[in-house]
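Presented below is the structure to which this report refers.
The values are calculated or read from the model by the stated rules, or taken from the named source; none is laboratory data. Everything quoted here is computed from the prediction, not taken from an experiment. Here the Cβ positions follow ideal geometry from the backbone for every residue, glycine too, while neighbour counts run over all protein chains shown.
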């Protein structure tokens, strides 16, 4: 197959593109990405010259451009994804996550091709006890989550109305290599190494389920190749942690790995005003994908966290170039000085 992977220059998307190329050399991958601030082609330099990989810069809202491309299936990661940014300005989230998804659905409908839509557990809202299942009500609490919930409902509607061969996956918090430094784990690592203040929202006792990006990639691959049309699958690590616990583990491990003073690192913790509408707890039940498709997470959290720290320490230049903005120079060499316009 020739597979269009949208958002393939982002964190999860780039990890998946590399996984798909390595696991399915019979497929051709078209990485379709608008290259907004969180898209980074440096994530994929090691595979950019492979014969079964192509990068195309484009906007998923541009339906005529999508129509001009040749592909047999779609795996859809492209999204604005940072909750804080959605609180400041929700319009880009509605434009990309809702209108962009509808544009892809129309293209898929015309071609009668399979489409996997990658979503999030945040569409369920917050849960005090128990676990989210695929039958849990959709109750988003942030503009970001609302935009993803809207796109999920569109995907469902296209299956029910047109019989479109679509699937939805809803994952918990991902972590691992190539995650943009605004997210919790890389932010803590980069700030600690540079001696910057580490912000703590509220009391820090917000609970998230953590999933290594490699396990997520395996799950998406299995769903795409084996799931039935109309399926919805939760993908979780069964690993609930409070944010403050994650931060503590990161700082302790960093002190051990780098020789930095542990107390000095913990002194960087800085309480900040809590996020508006902050969901208290997410918790996913992945038993359906385990039962139906045989997937289980393989990366233990302690191992995964340690390896993630090692990666960010070994690839300091990668995240320093993002923080400084120099990573955009890589694009300008290909697209010219008008890249950001």
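Numbers below:
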item	result
Filtered residues of the stretch 249-267 (kept if surrounded by fewer than 17 Cβ atoms within 10 Å (Cβ to Cβ) and in a helix (DSSP H, G or I))	252, 256, 257, 258, 262, 263, 264, 266
Test result for residue 270, assigned to a strand (DSSP E or B), at pLDDT 95 or above and either surrounded by fewer than 17 Cβ atoms within 10 Å (Cβ to Cβ) or at positive phi (or both)	yes
Residue 30 in contact (Cβ under 8 Å) with a residue 24 or more places away in the chain, part of a strand (DSSP E or B) and either surrounded by 16 or more Cβ atoms within 10 Å (Cβ to Cβ) or in contact with a strand residue (DSSP E or B) (Cβ under 7 Å, 6 or more places away or on another chain) (or both)	yes
Residue in the stretch 51-72 that is within 15 Å of the chain's Cα centre (by Cα) and more than 22 Å from residue 155 (Cα to Cα) present	no
Residue selected from the stretch 290-314 under the condition under 19 Å from the mean Cα position of the chain (by Cα) and outside any loop (DSSP other than H, G, I, E, B), by the criterion nearest to residue 256 (Cα to Cα)	309
Filter pass, residue 129 being modelled with pLDDT under 95 and surrounded by fewer than 22 Cβ atoms within 10 Å (Cβ to Cβ)	yes
Criterion: free of Cβ contacts under 8 Å to residues at least 60 places away in the same chain, buried (at least 17 other Cβ atoms within 10 Å of the Cβ) and either in contact with a strand residue (DSSP E or B) (Cβ under 7 Å, 6 or more places away or on another chain) or on the phi < 0 side of the Ramachandran plot (or both) - qualifying residue of 243, 234, 239	243
Single unsatisfied condition, residue 215 versus (1) touching a helix residue (DSSP H, G or I) at 6+ places or on another chain (Cβ under 7 Å); (2) touching a residue at least 60 places away in the same chain (Cβ under 8 Å); (3) closer than 29 Å to residue 37 by Cβ; (4) surrounded by 20 or more Cβ atoms within 10 Å (Cβ to Cβ)	(1)
Residue in the stretch 184-203 that is farthest from residue 39 (Cα to Cα), counting only those that are part of a loop (DSSP other than H, G, I, E, B) and touching a residue at least 60 places away in the same chain (Cβ under 8 Å)	202
Looking only at the stretch 147-198, and only at residues there that are farther than 30 Å from residue 225 by Cβ and out of contact with any strand residue (DSSP E or B) (no Cβ under 9 Å at 6 or more places or on another chain), the one that is surrounded by the most Cβ atoms within 10 Å (Cβ to Cβ)	189
Some residue of the stretch 148-156 being at pLDDT 95 or above and either outside any helix (DSSP H, G or I) or on the phi > 0 side of the Ramachandran plot (or both)	no
Whichever residue in the stretch 40-74 is without any contact (Cβ under 8 Å) to a residue 40 or more places away in the chain and part of a helix (DSSP H, G or I) and, among such residues, is surrounded by the fewest Cβ atoms within 10 Å (Cβ to Cβ)	64
Some residue of the stretch 16-23 being in contact (Cβ under 8 Å) with a residue 24 or more places away in the chain, within 14 Å of the chain's Cα centre (by Cα) and either surrounded by 21 or more Cβ atoms within 10 Å (Cβ to Cβ) or part of a loop (DSSP other than H, G, I, E, B) (or both)	yes
